[in-house]
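Beneath this line is the structure, given in structure tokens, with notes to follow.
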Amino acid sequence: MMDKKTEIRNIMLSNIIFCFAIAVCTYQGVVRSYNSTMLALSYRYGFTSRSLLGSIYHLLNDILPINMMDYSVVLVFAVIVTACFYALLFYFMYFALKRCQEEYFKPLVFILFLLNVVTVATFTSSYNFFRVDLFMMAVAIISAIVMIKDKAVWMMLPISCIGVMFHQGFVFMYFNIALVLLICRFFDGDKKAKIKYGVVFALTFAICSGLFLWFELFSRTNGAAIINDVLADARAVSLDGHYHSTLLQHEVLGVDLAEDEWEWHKMNIMQMGFFVVLSLPWIWIAIDFFKGIFKGVNSRADKIKYFFVAAGALTMLPDYLLKIDYGRWVMSTIAYYAIVIVSLVAMGDLFICKRLLETYEKYKSKSWSLLLFVYPIMFIPFNDVDIDGFMQQLSAWLNGIVGFFSF
Amino acid sequence: MRADNKKFIVAMIMLAIVELLRFFDRTLLFHSAPMGILQNYTFAKILLGIYMIVIMLLFAIMLTKTDMAYQKDMRYLIAFISVFALPMFANLNYFGTMDVVALIIGMIMIGIVCIEKYWIIMPVMSLAMGIICPMSLVTVAALIFALLFYEYIRTKKKQFIAYAIVNILLSLLGLAVSRKMGYFTTDSMYALSLKKFLFVCLLMIPYAIIAIKMMMAILNRAGKKSAYICLFTAGLPAILVYGLLADYSRVIFYGFIYYLFALAVLLIKQDQIVLVVYEEIRERIRARLPFMGLVIAYPFIVMCFWVSGPLELFAETFVGL
């Protein structure tokens, strides 16, 4: 029987080699216009939405002795940042494994492997390489680490605010991780702890919601005055000067794009139908897992706590209903469940640990269980408007027959 | 068939359907063939369907013929074979190639080796394979020859050496016919660049190490080494020939398929030396990896993104690949 340290080392090595292979096979050496144009936005034009990344980039341009406002430098910067993000992702895996009791290793490793595979593929492939979602997910992982360590919990407030400042969509996509973990700590704690977590939750929720409303409704006031400067920067940082005009129309000039997106919504519906059907094995296992939790729970407090764990992904509902980037919503839904379950295991939630092990043992004994390793690879990487290339292919084929959407 | 194996085969069929949906490009490129109908789009789809059915039947036979103690291992081997066998001929570059016909015939012949019946039809199958797919001489025919030679050494029945020689001679005859009729080409496809191929080789080094260690361990323990030497070396012509032709996707495909099918047949035959070595290697891998399933999933990454083609095409600039 291997000691824990050696086992963790072997797991990390396997994980790194596996993810390296995925990164090599999916990397395409290009920062798409949408992702590079984000760098043109900056707080020098006011406290505007999605401008934190651009502000950091402009600051680096001011400090460093190299001209950062050039696409070739953007590409190098993107590689460095993505590598750092993967280092954080692997650290999260290592950190969770160290905290986990050995008997619950296998199911935890399985979830972490799945999370890493999906994340590395998605954020290395061209659609989402250097996308701001990477930073939001990094914020979520840091939040999870803080909650697992249960030290300096007050940091959840500034960390979450940073997430919203990267992209106001954080409140729907990745903020749920921080909130649900705070709720879990609240229900598990004594009276003094409940007050602490309750205050942190309330403040974090209120301030981040306020930030969201500011960015969404009030921050775009001087677009016409700054647009030329922003355009000049956008051209400089984009491949061949081709910036993403729709992004700037929405973020700088405040143009509402919803009217133009109905055909994309129709495509989303078709692709989501395919995706749900093809993901049924995984959905079935997830439902079975949560069914077991609710069957085994006795106290009202635990029922409420695990309800929030199960339903926390519903913060994504406004995005699914109103916006068209289904690839990103699916990625963040998977990330939510993976990070929350891993965090709860690392936090020593015995009920989750035992239920996870039961589910793992139940499906591992099935003769077809080993195919679950192969199956997810066909779906990655996740894109943005298209869920992934596989769904895009299926919807294009079916649309050729039924003509549901008009492109 | 046992209930768990039935469920496994059903799961494999469902996986095959999903893989067809994922990898099928609905495009037929030109490939040389002895008859025009073999290059008809609908007929090519029918052939692909037959290929999938035959492979599932072969998997069912392999499971039925495997000893109870190695059923789980056979399921892993089958899943490993399917990683290469299922997507390869659905994607753009290899859909409609005559390799599909050669493999349909070849898998039927492997099935005959497993069930140890109907040997008499093998010469006819070898001729058909050689005429329709002359390149099968270095791929499927080489595997069948090696398996028949192994059967000869194992059972000492001279009919198998006769079948083995006839198999190669008829494949050569098929090659001659194809050259005479003027339809012979190597039908090389250049889906994978040399740089990418070298990188794939780098990624697949662990498998090469495992394969070489296994072969050396078997040879060290074997009294009569000729059958094993034949099995080990008969897989090399496909790798060398397609490597020289720069059809690197086929190098990867046949490199894995040959040795995986050979190992599967040896497990079914309960070759004691192979069983002992296989168990040792399996336990050493199990000690290093959190899940044995990773052994299967890892090469599927390469198949999904490089060999069977990416679903989107952009500039390839990772270290110049």
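Observations on the structure shown:
- Per-region count, region B:250-290, residues exposed (fewer than 15 other Cβ atoms within 10 Å of the Cβ), in contact (Cβ under 8 Å) with a residue 12 or more places away in the chain and over 22 Å from the mean Cα position of the chain (by Cα): 3
- Residue in region A:291-299 that is outside any helix (DSSP H, G or I), closer than 30 Å to A:TYR363 by Cβ and in contact (Cβ under 8 Å) with a residue 12 or more places away in the chain present: yes
- Residues that are β-branched (Val, Ile, Thr), within 25 Å of the chain's Cα centre (by Cα) and under 17 Å from A:GLN271 (Cβ atoms) are absent from region A:356-367 altogether.
- One residue from A:GLY46, A:GLY54 being more than 14 Å from chain B (Cβ to nearest Cβ), of a type in the set (Gly, Ala, Ser) and buried (at least 21 other Cβ atoms within 10 Å of the Cβ): A:GLY54
- Considering (1) under 21 Å from B:MET303 (Cα atoms); (2) more than 19 Å from the chain's Cα centre (by Cα); (3) assigned to a helix (DSSP H, G or I), the lone condition that B:ASP25 does not fulfil carries the number (3).
- Yes/no for A:GLY296 being away from chain B (no Cβ under 14 Å), over 16 Å from the mean Cα position of the chain (by Cα) and not hydrophobic (A, V, I, L, M, F, W, C): yes
- Among the residues listed as A:ILE145, A:ILE111, the single one being away from chain B (no Cβ under 14 Å), over 14 Å from the mean Cα position of the chain (by Cα) and not charged (D, E, K, R): A:ILE145
- Among the candidates B:MET181, B:MET107, B:MET135, residue that is of a type outside the set (Ser, Thr, Tyr) and under 29 Å from B:ASP67 (Cα atoms): B:MET107
- Scanning region A:179-238 for residues that are over 24 Å from A:LEU52 (Cβ atoms) and aromatic (Phe, Trp, Tyr) yields A:PHE186, A:PHE187, A:TYR197.
- Pair list, Cβ under 8 Å, 6 or more apart: region B:295-308 residue surrounded by fewer than 24 Cβ atoms within 10 Å (Cβ to Cβ), other residue of a type in the set (Asp, Glu): none
- Count - residues of region A:337-391 that are in contact (Cβ under 8 Å) with a residue 40 or more places away in the chain, in a helix (DSSP H, G or I) and touching a Gly at 6+ places or on another chain (Cβ under 6 Å): 1
- B:TYR207 among the aromatic types (Phe, Trp, Tyr) and not in a helix (DSSP H, G or I): no
- Condition check for B:ILE55: exposed (fewer than 13 other Cβ atoms within 10 Å of the Cβ) and under 29 Å from B:SER178 (Cα atoms): no
- Scanning region A:130-155 for residues that are out of contact with any Ser or Thr (no Cβ under 9 Å at 6 or more places or on another chain) and of a type in the set (Phe, Trp, Tyr), we see that the one that is farthest from A:LEU39 (Cα to Cα) is A:TRP154.
- The one condition from (1) in a loop (DSSP other than H, G, I, E, B); (2) within 14 Å of chain B (Cβ to nearest Cβ) that A:SER14 does not meet is (1).
- Options B:ALA60, B:ALA33, B:ALA69, B:ALA44; residue that is more than 23 Å from B:GLY255 (Cβ to Cβ), modelled with pLDDT of 95 or more and either of a type outside the set (D, E, K, R) or not in a helix (DSSP H, G or I) (or both): B:ALA60
- Residue that is modelled with the lowest pLDDT, among those in region A:81-102 that are over 20 Å from A:ALA138 (Cα atoms) and within 14 Å of another protein chain (Cβ to nearest Cβ): A:GLU102
- Flag for A:VAL153 being of a type in the set (A, V, I, L, M, F, W, C) and not assigned by TED's automatic domain parsing to the domain that holds A:THR26: yes
- Among the conditions (1) part of a helix (DSSP H, G or I); (2) crowded, with 19+ Cβ neighbours inside 10 Å, B:GLN159 misses just one, which is (2).
The values are calculated or read from the model by the stated rules, or taken from the named source; none is laboratory data. Predicted, not measured: the structure shown is a model, and the values here were computed from it. Glycine also receives a Cβ, built like all others from the backbone with ideal geometry; neighbour counts cover every protein chain displayed.
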